[in-house]
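Written out below as structure tokens is the structure these notes cover.
Please treat every number below as a calculation from the coordinates, not as lab data. Fair warning: this is a prediction, and the values are worked out from it, not measured in the lab. Glycine gets a Cβ as well: all are built from the backbone with ideal geometry, and neighbour counts include every protein chain shown.
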Amino acid sequence: MNARTTTRTLARRGAPLLLALVLLAVPYSTLDVPVLLPGPLNSPGTLQLIAVCLLFAGFALSYDLLFGRTGLLSFGHALYIAVGSYTTNIAVTRGGWSLGAALALTAAVGLVLPAVIGAVALRVNGIAFAMVTLAVAQLGSIIVLSDPDGRTGGEEGLALGGAGVPAFLSGVANTVNLYWLALGYAALVALAIAWSVASEPGRVWAAIRENERRVTVLGLPVLRFRLMAYVLASLLATLGGAVHLLVMGGSTPQITTSDFTLGLLVMVVLGGAGSRWGAILGGVLYTFLDHRLAALGTSGAVADLPAVLRAPLSEPLFLLGALFVLAVYFLPGGLAGLAGRLRPARDGAP
Amino acid sequence: MSTIVLLALTGLGLGALYFLIASGLSLIFGLADVLNFAHGLFLAVGAYGTWWAAGHLPGAGASGAGFWLAVLFGVAAGALAGVLVELVLIRPLYARPIEQVLVTVGLGLAGVALLRAVWGSDPRQFPKPSWAAGTTGVLGAQVPNDRFLLIGAAAVVLVALLAFLRRTRYGLVVRAGVEDRAMVAALGINVRVAFTLVFAIGGAAAALAGALGGVYFGNVTPGQGGSLLIFAFIVVVIGGMGSVPGSAVAAVLVGLVQQFANYYTGAGVGEASVVLLLAAVLLARPAGLAGRTA
């Protein structure tokens, strides 16, 4: 072991710690970055933006557990985020439950529903699995939009209300508490996934991703291990849905659509599938661009451009979609893979 | 009785729309192994192309021969989009199926966003020929004429596709490629030309679905392809990937189930039944109705 490797081990261990320290310091800083952020770091607008970015980093991590770690291409991950958001919301707002009881119910649903759906959907492989998850998620979207008994609010969505919402989680002045909540969620997902992929089943997931037939030949029940990954990823997404509800102050049918799942896929691939930092990086970057490009699109610099250029630049999804296509061609392994490719060149040794 | 006739014909019309989208998807997937998420974009290109031509192209309009010219323009735009997508974006990525899916996903997102940027997200009134707005009496039911338009177009496309696949040399190459692509290439036949061809056919059929769907729904929005695409995927899986007759049968089945269940039970139940149908077919026959073992 030479000095360079020890430095790298130090960086590997130290980077998460440093990141945690920076994120813990954010609400106490008044640093102002003019163009990138809507206001000083501890202003409600910026805190909300960072909270949403962290939340989506958590979503992307949970999706990466399926796509990057186990090799399952699901087009229905949004279903569980929607289930988390709407279950908690309906229990609190329509049923008058306390938040704790609603969260307990949501966790139970988040465990049982993916177990049932996964048991059926995982019987088919590859593209057929993708199609079944897409269809089931579409069903969820249709149910939410059809507004059964006036419970989900249909296209309007459902704002969070009722006596069950604790005071410290509502109101602009308490945005900092929502920030802590989102940070806690992202940390929980990151730890749960780091722990699970290092565990024994985690190694089997990687083996299934690389060579499913070989795992079968070794006598391991592939279906059971896949179901395990599916339920864990879905449970994390369901819990994230509840956090999404609190951060956003309501549920909207947009989180039920297949486009929402495609967004998660874009985040994971852009950041780098199956790596430690890829999904986090992709989730934060995508969400940040999605929010800030809209502001950029209406800014003076873009408004002066001729109409041919102005129209596409005012659509964040156009830029993100184009960026994603370019990343697929020129950045295999995503942004995280880019770091890995640059490192050997810099060290001068493999 | 008249309700049943109306429901059956409306269901068939919906099935016709699904078939137009699913036939191209199925061929593209069967031959080139590309799960094409940009198919909704081809549909939107056809719809907006027709809408634009009806307003701007000299000789084209909302009625008579002008309407057909507008539709032709939309279909040509869709076929061109299909060819361009295959040549520029898909071709460099063959034998990397996941990357291909990802590229079509990105293209679908970006393309729809671009349409929204250019023409706005509000629905645009679609040109509707006067004869399509009328109704015809069938067995005591007053059936809107646009249903017949959809069914007729789908029947023509089905017959033309089958004739192409079974009677022409290129059709033979496509069918052989669906069975075993490597063998076709080994026999010295340039199978990549067939890839471009199925993208052109798929793009044209989806664009036709977009144009006629515009007549059926009365307006056109950038996101219209998205929800239709999901049902077309379901049709492809039920029918068996790569099989045009399978897609036709599955499209009719899905359209009818959706209409009848929605009418007799409640809104949303039809879509739910379709998903259950998909689950049942996949569990009983994982390769779909046409049953090609993958």
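Please find the FRET efficiency linking residue A:36 to residue B:88, where r is the Cβ-Cβ separation and R0 is fixed at 30 Å, and quote it to the nearest 0.05. Show your work: numbers first, answer last.
On the way: r = 33 Å, r/R0 = 1.11.
It comes out at approximately 0.35.
Could you work out the local net charge near residue A:105, counting Lys and Arg as +1, Asp and Glu as -1, over the other residues with Cβ closer than 15 Å to its Cβ?
On the way: positive: A:94, A:151; negative: none.
Charge balance near residue A:105 sits at +2.
Give the order of B:50, A:70, A:252 when sorted by the count of other beta carbons within 10 angstrom, beginning with the fewest. Before the final figure, lay out the partial values.
Working: B:50 32, A:70 26, A:252 18.
Placing the least packed residue first, the sequence is A:252, A:70, B:50.
Report, in order of residue number, the helices in chain A meeting two criteria: a C-alpha extent of 15 Å or more along the helix axis, and a mean Kyte-Doolittle hydropathy of at least 1.6; treat each whole DSSP H run as one helix. All intermediate terms of the calculation are to be shown ahead of the outcome.
Values: long enough: A:3-25 (31 Å, 0.74); A:44-64 (29 Å, 1.38); A:78-89 (16 Å, 0.62); A:99-121 (32 Å, 2.23); A:126-146 (30 Å, 2.04); A:175-198 (35 Å, 1.62); A:200-210 (16 Å, -0.60); A:222-248 (38 Å, 1.67); A:258-271 (20 Å, 1.91); A:278-297 (27 Å, 1.06); A:316-330 (21 Å, 2.41); A:334-347 (20 Å, -0.21).
Within chain A the helices that satisfy the rule are A:99-121, A:126-146, A:175-198, A:222-248, A:258-271, A:316-330.
With 10 angstrom as the radius, rank A:56, A:288 by how many other C-beta atoms surround their C-beta, starting from the fewest. Before the final figure, lay out the partial values.
On the way: A:56 27, A:288 17.
With the sparsest Cβ surroundings first, the list reads A:288, A:56.
Taking the Cα-to-Cβ direction at residue A:104 and at residue B:160 and moving 7 Å from each Cα, how far apart do the two end points lie in nm?
According to this spin-label approximation, the distance is 6.3 nm.
Just to be sure I understand the model, the point goes 7 Å from the Cα along the line to the Cβ. What's the resulting residue B:187 to residue A:339 distance in nm?
5.2
May I ask you to compute the full-extension gain from residue A:29 to residue A:151, defined as 0.36 nm times their residue separation minus their alpha-carbon distance, rounded to one decimal in nm? Please list the in-between numbers first.
Values: separation 122, 0.36 × 122 = 43.92 nm, distance 4.12 nm.
Extra length available between residue A:29 and residue A:151 comes to 39.8 nm.
In peptide B:107-119, how many Cβ atoms from other protein chains are near each Cβ within 10 Å, on average?
Working: counts 4, 3, 11, 11, 4, 5, 10, 7, 2, 6, 9, 5, 1.
The per-residue average across the peptide is 6.
Taking the Cα centre of region A:39-257 as origin, work out the dipole magnitude from +1 charges on Lys and Arg Cβ and -1 charges on Asp and Glu Cβ, in debye rounded to 20. Kindly include the intermediate steps, with their values, before the conclusion.
Values: 10 positive and 8 negative charges, 128 e Å.
I would put it at about 620 debye.
Can you give the mean number of other chain Cβ atoms that lie within 10 Å of the Cβ atoms in peptide A:253-261? Show your work: numbers first, answer last.
Details: counts 0, 0, 0, 0, 4, 6, 6, 0, 1.
Partner Cβ neighbours, averaged per residue: 2.
What helices does chain B hold that run 27 Å or longer along their axis, going by alpha-carbon atoms, with a Kyte-Doolittle average of 1.6 or more, using DSSP H for the helix calls?
Values: long enough: B:2-32 (44 Å, 1.98); B:64-84 (31 Å, 1.97); B:97-119 (33 Å, 1.48); B:145-167 (32 Å, 1.46); B:191-217 (38 Å, 1.74); B:244-264 (30 Å, 1.06).
What comes out of the filter, once short or polar helices are dropped, is B:2-32, B:64-84, B:191-217.
Distance between Cα centroids, region A:117-182 to region A:36-107: provide it in whole Å.
9
Under the rule of -39500 (n - 2.57) per DSSP H run of 4 or more residues, summed and divided by the residues of the protein assembly as shown, what mean residue ellipticity at 222 nm is obtained, to the nearest 500 deg cm²/dmol? Numbers along the way, then the final one.
Details: 27 runs with 459 residues, N = 644.
Counting only the DSSP helices, I get -24000 deg cm²/dmol.
Give me a single rounded figure for A:263-271: the average over its residues of other chain Cβ atoms within 10 Å of their Cβ.
Working: counts 2, 0, 4, 4, 0, 0, 5, 2, 0.
Mean shielding count: 2.
With 10 angstrom as the radius, rank B:159, A:247 by how many other C-beta atoms surround their C-beta, starting from the fewest. Write down the numbers at each step before the final one.
Details: B:159 10, A:247 20.
Listing B:159, A:247 from fewest to most nearby Cβ atoms yields B:159, A:247.
Taking the alpha-carbon centroid of each part, what is the distance from region B:143-170 to region B:234-294 in angstrom?
If we compute the Cα centre of each part, the gap is 20 Å.
So, by mean Cβ neighbours within 10 angstrom, what's the order for B:215-227, A:57-69 with the highest one leading? Please report the intermediate quantities before stating the final value.
On the way: B:215-227: 19.8, A:57-69: 28.2.
Highest-to-lowest ranking by the protection proxy: A:57-69, B:215-227.
Quick one: putting +1 on the C-beta of Lys and Arg, -1 on the C-beta of Asp and Glu, what dipole do you get for the protein assembly as shown around its Cα centre, in Debye to the nearest 20? Show your work: numbers first, answer last.
Numbers: 34 positive and 22 negative charges, 339 e Å.
In debye, rounded to 20, the protein assembly as shown gives about 1620.
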